[in-house]
Amino acid sequence: QTGGLSDSFLTKAPRKVRQHVMWALGTNLGKPVTDFPELQRARALAYWDSRLAAGEAAADRADFKGELGSIGQWCENHQIDPTWLFDRLLRMLRSRFVPVLAYNVVEWLAKVSETHVDRAVEVLEALLTNPNVDQWVYVGQDQSIRALLTAGQAHGTTATVERVGELVSFLASNGQPGYLDLVRPAQSAD
């Protein structure tokens with residue numbers, strides 16, 4: 001329904017207020033289902049989808065930067081289906097939006113890589129190679145990034161192993177050569 005209270009809010013609310021709404025939804029999604037029932041969860045996820053669609057269609061995409069970037073905080077809780085998060089993070093990153101708390105995303109990807117290695121490496125690549133992501137994301141995330149790349153190298157599909165090699169090269173070319181050992185064969189002592 002157009003023209004309702006929600007449309008009025010979205011038209012008039014300042015960026016910071018809309019960003020706060022996204023943060024609040026992320027916090028609520030971290031609660032048990034008894035405190036934040038399935039219907040409300042479904043509405044929260046649908047709201048995020050509608051805001052991403054609006055951001056993609058907006059003439060002033062910067063108006064959506066913080067609001068959509070709040071998804072980084074959503075990665076802190078484990079009540080959200082990983083497939084939903086993978087899909088939305090990829091769509092968002094391909095649209096040149098970035099998570100505000102990108103380090104949360106990297107940490108989350110490392111955790112879920114045990115069961116979703118291919119998708120986790122795919123999102124990591126989209127995150128790290130996004131031109132709008134600050135390079136500070138690489139710094140201080142060594143353990144999580146290494147865990148992801150190692151898991152991708154050991155358990156990923158052929159495409160994921162290739163993606164790991166490309167990511168290692170990308171990181172090295174951006175001043176992070178500490179992952180080169182993952183793709184270079186060990187030197188023999190002969």
Once all protein chains are kept in place, Asp181 shows an accessible area at probe 1.4 Å, nearest 10 Å², of 90
Computed, not fitted: 222 nm per-residue ellipticity of the chain from DSSP H runs ≥ 4 (each -39500 (n - 2.57)), nearest 500, equal to -19000 deg cm²/dmol
What the Cα atoms of the range 36-190 span along the principal axes, largest first and in whole Å, is 64, 33, 26
Computed over the chain, the relative contact order (Cα-Cα under 8 Å, seq sep at least six) in percent reads 16
Once both label points are put 7 Å beyond Cα along the C-beta direction, the Val17-Glu166 separation in nm becomes 4.3
Computed for the range 71-159: size of charge dipole around the Cα centre, +1 on C-beta of each Lys and Arg, -1 on C-beta of each Asp and Glu, debye to nearest 20, value 200
With all protein chains in place and a 1.4 Å probe, Arg96 shows an accessible area in Å² (nearest 10) of 130
Over all directions, the range 110-151 yields a Cα convex hull whose mean projected area in nm² is 2.7
Of every hundred units of 1.4 Å-probe accessible area on the range 44-190, the number belonging to carbon and sulfur atoms, as a percent, is 50
Semi-axes a, b, c in Å (a largest) for the range 90-168, each sqrt of 5 times a Cα gyration tensor eigenvalue, come to 19, 13, 11
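The values are calculated or read from the model by the stated rules, or taken from the named source; none is laboratory data. These numbers come from a predicted model, not from an experiment. Here the Cβ is made from the backbone with ideal geometry for all residues, glycine too, and neighbour counts use every protein chain on show. With ligands, DNA and RNA removed, areas are computed over all heavy atoms of the protein, side chains included. Shrake-Rupley method; radii C 1.70, N 1.55, O 1.52, S 1.80 Å.
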